[in-house]
Amino acid sequence: MEGIGNTNGTNNTGNITWQIQNADIREFYAGGLNAAKPVTGNLSTTITSSHVGVFCGGPKFGDMSSGKMVITIATGCTFGTFFGAGYGGNSYSRYAPSNQNNVTNINWNNWVRGQYNQSYSSNNGGVSTQINYQFIPMSDNKTNVARLFVEYVKFSLATTHSVTSNLKSCTITGNFYGGGSLGKVDGTVTSILDSCTVMGNVFGAGFSASLPKVEVDSIGFRTEPYYYEALGTYRTAVKGRTTTYKWDGKEGDSWINKNDSILYTEEDLTTLGMVDGTGDVFGGGEQSAVSGDSPVDVTVTIEGKTEVLGDVFGGGKQGRVDGNTTVNIKD
């Protein structure tokens, strides 16, 4: 489940407000899922008596506008993994050339070579890396419709700003992160756990400083789709070899290095899962850092009858904290 923000500029706020009760959700992202069309307003989620496998209070992909807030209030819920801020990572957008209608069979690989070239497109906000297709009959059962899809990828930090997560009488079966997964927090993070049970660990910042990989399809199908007229059956296409690419920071004009299997991004890859701001930050990160222009103090506050079966990290498990750390555990 993902929220969708203002994408056409006609709304002055672009705010997204969630009211959730008695729900069973596998994955929840309060913001958008496409870095090319980010959320423009605040994200506010109030959730009660619900079960969520992966909860993300911020957007899945796409940076939030400056000055906008993420607020989550949860009561009596069970979460698998909880992220207070944005998710981040590989954001895909799809381009579909015009269909080829009233056809029996076509030269698919010629079509692919004309539309998919593993290059950057500003209109599609990324580098083309994957293809997909549909080959379906028309109503006369004599001719077909051929559809080609090209997937473009860009790296998104899903940057958020002020983030507040207030959980009361909740259970977290995995880990709690006040920050994001790969998402960056450019502001303050406040996390309050009141009378909660955490079976994993509690981290005030984000999860990971490790970059995801990108699988890039070769140009063309190894076996093209085909319609057997005599049998009235369709042959399923088989794509060619896939190459695993890694991300790196962009310095020159190129967006892709095919010789070394590298994709480039203008995002700062040293800030994955980071909390970068001043004010109160509750806890450190698992692999990500807590830092800012000046030392950032970290405070973890756990109050009420909150049970943590794992560890509480006032600083980071592996990530550094550029400031003082304080842990307050209250009855």
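The overall shape of the stretch 72-154, judged from the alpha-carbon gyration tensor, is oblate: a/c is not under 1.5, and a/b is no greater than b/c. Per atom type, the stretch 19-135 shows carbon and sulfur on 40% of its accessible surface, probed at 1.4 Å.
Annotation: the stretch 134-193 has a Kirkwood hydrodynamic radius of 16.2 angstrom, from the mean reciprocal C-alpha pair distance. For the pair Asn141 and Thr171, the difference between a 0.36 nm per residue extended length and the Cα-Cα distance amounts to 5.4 nm.
Starting from the Cα of Asn109, move 7 Å in the Cα-to-Cβ direction to define the label point; list residues of the stretch 213-252 whose amide nitrogen is under 12 Å from there. Taking a point 7 Å out along Cα→Cβ of Asn109, the residues of the stretch 213-252 whose backbone N falls under 12 Å are 219-225, 238-241. The listed residues Leu263, Leu231 rank as Leu231, Leu263 when sorted by accessible area, largest first, using a 1.4 Å probe. These residues, Arg26, Arg94, go from largest to smallest accessible area, 1.4 Å probe, as Arg26, Arg94.
The accessible-area ordering, largest first, of the residues Asp253, Asp186 stands as Asp253, Asp186, per a 1.4 angstrom probe. Taking every protein chain into account, the accessible area of the stretch 137-186 amounts to 31 square angstrom per residue (probe 1.4 Å).
Extending 7 Å from Cα along the Cβ direction at Glu251 and again at Glu229 yields two label points whose distance is 5.8 nm.
Using a ≥ b ≥ c from the Cα gyration tensor of the stretch 166-248 (square roots of the eigenvalues), is it rounded, prolate or oblate, where a/c under 1.5 gives rounded and otherwise the larger of a/b and b/c decides, a/b for prolate? In terms of gyration-tensor shape, prolate.
Assuming a ≥ b ≥ c are the square roots of the Cα gyration tensor eigenvalues, decide whether the stretch 24-77 counts as rounded (a/c under 1.5), prolate (otherwise, with a/b larger than b/c) or oblate. Oblate is the answer for the stretch 24-77, as a/c is 1.5 or above yet b/c matches or exceeds a/b.
The values are calculated or read from the model by the stated rules, or taken from the named source; none is laboratory data. Values in this document were obtained by computation on a predicted structure and should not be read as measured data. All Cβ positions, even for glycine, are placed from backbone atoms using ideal geometry, and neighbour counts span all protein chains on display. To get the accessible areas, we keep the full protein, side chains included, count just its heavy atoms, and leave off ligands, DNA and RNA. Shrake-Rupley method; radii C 1.70, N 1.55, O 1.52, S 1.80 Å.
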